[in-house]
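First comes the structure, then the notes that go with it.
What follows is calculated from the coordinates using simple rules that are stated; it is not laboratory data. Worth saying up front: this structure is predicted, and the values here are computed from it rather than measured. Here the Cβ positions follow ideal geometry from the backbone for every residue, glycine too, while neighbour counts run over all protein chains shown.
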Amino acid sequence: MSDDRPSWAVRIAAERAARDWSQRDAVRSLRAHAPTELPSDESMIRQWKRWESGSLPNEFYRPVIAAMFGTVTAALFPAPSRRNGDTEILAATGMETLEIVSRLNRSDVDAATLDALRITTDRLCSEYPFMPSEQLLIEGRQWLRRVVDLHSKSLTLAQHREVLALSGWLALLVGCVEYDSGQRHAAESTRRAALSVATEADHPEVAGWAHEMRAWFALTTGDYRGVIAAAQAGAEVAPNHGVAVQLAGQEAKAWARLGDRRQMEVALDRGRRLLEGMPHPENLDNHFVVDPAKYDFYAMDCYRLAGEDKLARNLANEVLRAGTDFDGTERSPMRNAEARVTLGVAAAREGDLDQALIMGERALQGDRRSVPSLIMTSRELSAEIRRRYSDEPAAQEYLGHLRALGESSPGFLPR
């Protein structure tokens, strides 16, 4: 087959191969997921061949194919890119920072100033994957202080709720970056502040993300029952928002680490169904938006833990493809790092130490990373390397690098 096939055609062929399915097997699974009767096997096999060759399935078949592979339609068959010019639009608040700050010093606040603050908040949340942690933390805290100071101004009831919501989003962002940087106690305090603000503003989405942060903190410190409790609490307050999808993903990760394959699959499928029914996000860069590609990232983590190396490797390659621009620029460096760990784990289990170490070392590189999450996943790779290659000097060198990363972030030392 030609290498210039669409990415979705390459992927459905790879997904089929990862399951050791023939095309007839794929058609049989398609029937099980289809809401209505399908044409004959021979007709569907011919159709499947056309799809793998690059002929786009129609709107009926696309969600069925996605469901049979455990993903969502927009992840498998991406909509036309909306990224062109998005960064420039997000950065254009309509006024310079100095003017916004000047307006904030007035006794009252007008609609234009609040609009500028909304755009600024969205821009900062969209910088999360790219901006160095130290810089984002400084900017995030500065804007959080400015927005909090607005509570002393003359505000209408609607403006007061809007300011509370903006405070909540900025607190969530600051808390995430604090935790990425190893500042666990500061991050927990900030998370609690965001939850308090969300409760006062009656803002379920901010509250849901505050619970999601608690689930993430618990996951990276090994409190898997705490993950499940936090995920379920968040789903109760924000059942119809995108955060519910991420909460399901975190719960699935916890079940995977507890060794409960059935509950893992239930949580993954619940999140997939939620995401399938949601509109496509306008701004994929915003950290508090669950984009379709992110669900493949959740599933990758779960299947790596479950020992499904073919499925995990296939999803890791997809995460890397979706997280890298055509010019090689990494759009999602933190997701890409964990995808490389997954490829390293699969290589280690297959006896390829060189490839395992290459992937493991590449995962530790990069200016933008979440130290707790990276240590958590790299710990799995280090366990495989210790188990199989403990006497190899190159393996010891990698383990030393991972240990140094943990020592630079107290509280997250690799076991």
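The table that follows gives values for the structure above.
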quantity	calculated
Dipole moment magnitude, nearest 20 debye, the chain about Cα centre, only Lys, Arg, Asp, Glu C-beta charged	840
Cβ-derived FRET efficiency at R0 25 Å, Ala404 paired with Arg362, nearest 0.05	0.95
Modelled FRET efficiency - R0 51 Å, Phe60 with Asp110, Cβ distances, 0.05 increments	0.55
12 Å reach of a label modelled at Arg262, 7 Å along Cα-to-Cβ, counting backbone N of the stretch 285-318	none
Share of Cα-Cα pairs in the stretch 7-69 lying beyond 17 Å, as whole percent	29
With eigenvalues of the C-alpha gyration tensor scaled by 5 and rooted, the chain, Å	37, 27, 20
Burial ordering of Val177, Val163, fewest other beta-carbon atoms within 10 Å first	Val163, Val177
Sites Asp352 and Asp4, calculated FRET efficiency, Cβ-Cβ separation with R0 25 Å, nearest 0.05	0.30
Listed residues Ser167, Gln355, Ile119: farthest to the positive end of the dipole of the chain (Cβ charges)	Gln355
Footprinting exposure proxy for Met300, Met278 (fewest neighbouring C-beta atoms within 10 Å first)	Met278, Met300
Where only alpha carbons of the stretch 82-272 are counted, the Rg and the Dmax (Å)	17.8, 57
The stretch 82-272, relative contact order [Cα under 8 Å, separation at least 6], %	13
Length added when fully stretched, Asp391-Phe130, from 0.36 nm per residue minus Cα-Cα	90.2 nm
Rg and Dmax [Cα atoms of the stretch 307-415; Å; Rg one decimal, Dmax integer]	13.4, 40
Positive-pole candidate from Gln183, Gly307, Ala74, dipole of the chain, charges at beta carbon	Gly307
Residue order, fewest to most beta carbons within 10 Å, for Asp110, Asp180, Asp296, Asp391	Asp391, Asp110, Asp180, Asp296
Where a label projected 7 Å from the Cα of Asp41 along Cα→Cβ would reach, residues of the stretch 13-33 with amide N under 16 Å	21-32
Helix-only [θ]222 nm of the chain, DSSP H runs n ≥ 4, -39500 (n - 2.57) each, per residue, nearest 500	-22500 deg cm²/dmol
At q = 0.28 Å⁻¹, base-10 log of I(q)/I(0) for the stretch 286-355 (Debye sum, equal scatterers on each alpha carbon)	-1.23
Spacing of the two label points (7 Å from each Cα toward its C-beta) at Glu200 and Arg145, in nm	1.9
